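Heads up, the thing below is written out as structure tokens.
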Amino acid sequence: MHMADALLAPAVAATMYAASGTAAALSIHSLRKKDDPQKLPTMAVTAALVFAGQMINYTIPGTGSSGHICGGMMLSALLGPQAGFLSMIVVLTIQCLFFADGGLMALGANIWNMAFYGCFVGYYLIWRPIMRSRLGGDSESGQRLRIVMASVLGSIITLQLGAFSVVLETSLSGITELPFGAFAALMLPIHLAIGLVEGLVSSAVLLFVYSARPELLQDLQSPDRAGGRHSLKGTIAILAVTALVIGGGVSLLASSNPDGLEWALFGNTEEGYSENMGLDEENFGVTSQAAERSQKIQEATSFLPDYSFRGSDAPAGTVVSGIVGSAIVAFAALLICLAGGFFRRKKHGCRA
């Protein structure tokens, strides 16, 4: 769902930067009050896991499209909405600057569409109410049921909101070749399927964390710290290795079909599917000086454009992109926490 700069008018892009920036500022203010040292390594490794996971496009059968996780819902369940939102900003910014994934002018919109809804709407309206309910009872199976339900419902609903926002933003940008109704009729159903898969993937990760270190999950009723199967360090290590394996290996198996947004815009006639909106991939949307400047900046900063070596389609480029990108995201998340004074270590230390 990464939007290109051509899909936004500068005024709309600036508005979305302001909205995302305000949410980020409020998140930073809130996190300065937190004192939970175990969140520091958790934020780093889960942000890297989301980066790696977004490299895996999974095929949506019968459509000629594919999708990938957004990750905001999962991060907010592990870190809380504010830290989850900042983690998503790290992921999306690094994707934009170093891998040319999503436009730089469109970054504010991409943060809003892919991070705000999952982290804030998904957490406050879906995850927390379900996890604090008595649905399924107080047993372990009830806890697991709530995790799965919150993950699936949250992912579906927040991806629908993100997809609708893309349609609204292009409409406000005056892109007349994307009629509101027709574009929405393509974007919402395909992202319903994508959201369902993301919900299942997110629930699998969260169920592992529940088994390994239940206290890492937000709003879990009476988490039993002694009941975890692994130490905190062991759990972090498993998640880190998983991120590296996904980014550096499983990413080679990603679907080559266009993602939901690209599919809606351009179709997939090469594989015998509909052309959908039928836009010209080389010439679509709006042009502006701001978009041209953003493109020049991206050309200078992206050392692995499209997750590959420049001018090469060699699989090694994907492997390097997954490993290097995951490492950069983890380091950047740690740096932001340290610079912002988030999750300060308590005097008595952190038990693992």
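Since every read-out is calculated from the coordinates, none of them should be taken as a lab result. Keep in mind the model is a prediction, meaning the values are calculated, not measured. Every residue, glycine among them, receives a Cβ derived from its backbone with ideal geometry; neighbour counts consider all protein chains shown.
Scanning the stretch 152-171 for residues that are among the hydrophobic types (A, V, I, L, M, F, W, C), farther than 20 Å from G278 by Cα and in contact (Cβ under 8 Å) with a residue 60 or more places away in the chain yields a single hit, L159. Scanning the stretch 56-77 for residues that are in contact (Cβ under 8 Å) with a residue 60 or more places away in the chain and either surrounded by fewer than 24 Cβ atoms within 10 Å (Cβ to Cβ) or in contact with a Cys (Cβ under 8 Å, 6 or more places away or on another chain) (or both) gives I56, N57, Y58, T59, I60, T63, G64, S66, H68, G72, M73, S76. Quick check on I157: is it out of contact with any helix residue (DSSP H, G or I) (no Cβ under 6 Å at 6 or more places or on another chain) and in a helix (DSSP H, G or I)? For I157, the condition - out of contact with any helix residue (DSSP H, G or I) (no Cβ under 6 Å at 6 or more places or on another chain) and in a helix (DSSP H, G or I) - is met. Of the residues making up the stretch 23-41, those that are more than 19 Å from the chain's Cα centre (by Cα) and either within 18 Å of L104 (Cα to Cα) or of a type in the set (D, E, K, R) (or both) are R32, K33, K34, D35, D36. Quick one: in the stretch 7-45, which of the residues that are in a helix (DSSP H, G or I) and touching a Ser or Thr at 6+ places or on another chain (Cβ under 7 Å) is surrounded by the fewest Cβ atoms within 10 Å (Cβ to Cβ)? Result: P10. Across the stretch 173-198, what is the number of residues that are touching a Leu at 6+ places or on another chain (Cβ under 7 Å) and either not aliphatic (A, V, I, L, M) or not in a helix (DSSP H, G or I) (or both)? Of the residues in the stretch 173-198, 6 are touching a Leu at 6+ places or on another chain (Cβ under 7 Å) and either not aliphatic (A, V, I, L, M) or not in a helix (DSSP H, G or I) (or both). Within the stretch 52-87, the set of residues being farther than 20 Å from G248 by Cα, of a type outside the set (G, A, S) and within 10 Å of the chain's Cα centre (by Cα) comprises M73, M74, L75, F85.
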